[in-house]
1. If each of residue 29 and residue 155 carries a label point 7 Å out from its Cα toward its Cβ, how far apart are those two points in nm?
2. Give the calculated FRET efficiency between residue 186 and residue 89 to the nearest 0.05, with a Förster radius of 45 Å applied to their Cβ-Cβ distance.
3. Just to confirm a number: summing +1 for Lys and Arg and -1 for Asp and Glu over residues other than residue 123 whose beta-carbon lies under 11 angstrom from that of residue 123, what do you get?
4. For segment 115-212, what is Rg from Cα atoms divided by 2.2 N^0.38 Å, rounded to two decimals?
5. Write down the radius of gyration of segment 39-180 and its Dmax, each obtained from C-alpha positions, in Å.
6. Would you work out the relative contact order for segment 45-181, in percent, from Cα pairs under 8 angstrom that are 6 or more residues apart?
7. Using Cα positions and a limit of under 27 Å, work out the lysines in reach of residue 127, with same-chain residues fewer than 8 apart set aside.
8. Suppose every K and R has +1 on its Cβ and every D and E has -1 on its Cβ; what is the size of the dipole of segment 90-135 about the Cα centre, in Debye to the nearest 20?
Amino acid sequence: IIQEHHGRNYTKRESAMSEARANILNRLRHSARPQPTITEPEAAPAPQLSQADRVAQLKQRMEAMHAEVIITNSSDWTTALKAVLRQRSLNGLLYAPQSPIGVMLSESWDSDLPPLVAYEQSVEDCKERLFTIDAGITSTQGGLADVGALILWPTPDEPRLMSLAPAVHIAVLEASKIHDSLAAAMRTERWAEGMPTNALLISGPSKTADIELVLTFGVHGPKELIVLILND
């Protein structure tokens with residue numbers, strides 16, 4: 001009798017729990033409502049800047065990051081470069097003799113300027129000398145007006161170390177190659193069709209905030225960045 005009594009109590013308790021569970025599930029089903037579909041609004045088209053505005057914006061933002069920006073033109077940029085070099089005491093200028101910039105420098109260099117040092121050997125053969133030259137000059141792929149940065153695509157003639165090893169990096173930028181943004185540069189220049197193994201974005205001299213979160217310039221690379229914008 002006792003076993004029967006316990007069995008009947010257990011069956012009633014199990015039935016009550018099942019009914020309660022069913023009631024809870026029914027309430028949840030009825031309370032659940034389909035969530036509205038959220039459509040992301042289309043981004044407004046970015047304003048198209050004029051070339052003069054792009055030059056001014058890039059100059060202002062790069063100077064805020066301690067770069068020196070000089071606006072000149074394609075026919076007289078070597079004169080501006082020589083004036084910059086005469087203001088400094090440098091032991092040499094690293095350059096790529098096969099590049100268009102290198103050809104112009106070779107044809108118009110003056111004896112009172114720092115000697116031109118051609119980058120013609122492999123890194124292994126000229127490593128010690130490479131890191132003792134005070135300045136290096138490179139061309140650029142373009143510029144970004146919105147963030148104030150240069151685009152560099154290293155090549156065999158102008159490898160990456162030319163912009164990283166010397167204490168002074170001089171970059172030559174054509175104003176017509178300054179884009180509104182990185183997306184605009186990638187689209188206009190068709191980056192998807194072919195890129196180098198690495199692309200560099202440079203906004204100023206090397207900087208770090210690793211030491212007590214204090215922004216310090218010229219720690220892990222060039223201490224100076226000088227940009228010559230050829231604004232024709």
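1. In this crude label model, residue 29 to residue 155 measures out at 7.1 nm.
2. On the way: r = 40 Å, r/R0 = 0.90.
So, using R0 = 45 Å, E works out to roughly 0.65.
3. Details: positive: 127, 129, 160; negative: 124, 125, 128.
Overall, the nearby charge balance is 0.
4. Details: Rg = 14.9 Å, N = 98, 2.2 N^0.38 = 12.6 Å.
In units of the 2.2 N^0.38 Å rule of thumb, it is 1.19.
5. Over segment 39-180's Cα set, Rg and Dmax evaluate to 17.2, 66 Å.
6. Reported relative contact order: 29 percent.
7. Hits, sequence-local ones excluded: 82, 207, 223.
8. Working: 2 positive and 8 negative charges, 19 e Å.
It works out to roughly 100 debye.
The values are calculated or read from the model by the stated rules, or taken from the named source; none is laboratory data. Keep in mind it's a predicted model, so treat the numbers as computed, not measured. A quick note on method: Cβ atoms are made from the backbone with ideal geometry, for glycine too, and the neighbour counts reach across all protein chains shown. Keep in mind that these areas ignore ligands, DNA and RNA; they rest on the heavy atoms of the full protein, side chains included. Shrake-Rupley method; radii C 1.70, N 1.55, O 1.52, S 1.80 Å.
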